[in-house]
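K.L.:
Before we start, here is the structure in question, set down as structure tokens.
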Amino acid sequence: PFLVKLASSGAAFEVPVGKSILSVLHEHGCNAASSCESGTCGTCRTKLLSGEADHRDMVLLPEEMDSQIMICVSRAKSDELVIDL
Ligand code: FES
């Protein structure tokens, strides 16, 4: 598990094993855009402001991996991620 924090509100939610960042956000009423939910379409591309991502998508280029994350599939290597939502 890790924490995902929203830059706009400061709200932080725990993302448990087996659940995506996207589904945790949706559960808390955060209206993040998505489509494929399998890491291939790019719709859920979100700016990563801090923390280290565990990228599991097929979309991001290596040079984008420090600053962006696909929240439908990717997870965290750090204890917390701060995203621009
Ligand atoms: Fe398609 Fe995340 S919803 S890559």
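A short reminder: the numbers here are calculations on the coordinates, not readings from a lab. The model shown is predicted, which means the values in this text are computed figures rather than measured ones. A quick note on method: Cβ atoms are made from the backbone with ideal geometry, for glycine too, and the neighbour counts reach across all protein chains shown.
K.L.:
What is the order of 5, 19, fewest Cβ neighbours within 10 Å to most?
P.N.:
If I rank by nearby Cβ atoms, fewest first, I get 19, 5.
K.L.:
Of the beta bridges DSSP finds with both residues in the chain, what % are antiparallel, to the nearest 5?
P.N.:
Of the beta bridges lying entirely in the chain, close to 75 percent run antiparallel.
K.L.:
Another question, then. Please list, in chain and number order, the residues 5+ apart from residue 85 or on another chain whose amide H is under 5 Å from its amide H, with Hs placed from the backbone.
P.N.:
Distant-sequence amide H within range of residue 85: 7, 8.
K.L.:
Another one. What is the mean projected area of the alpha carbon convex hull for the chain, to one decimal in square nanometres?
P.N.:
Projected area, direction-averaged: 4.7 nm².
K.L.:
Going by average Cβ density within 10 Å per residue, which order do the peptides 7-17, 71-81 take, highest to lowest?
P.N.:
71-81, 7-17
K.L.:
Which order results if 70, 58 are arranged by neighbouring Cβ count within 10 Å, fewest first?
P.N.:
Starting with the residue having the fewest Cβ neighbours, the order is 58, 70.
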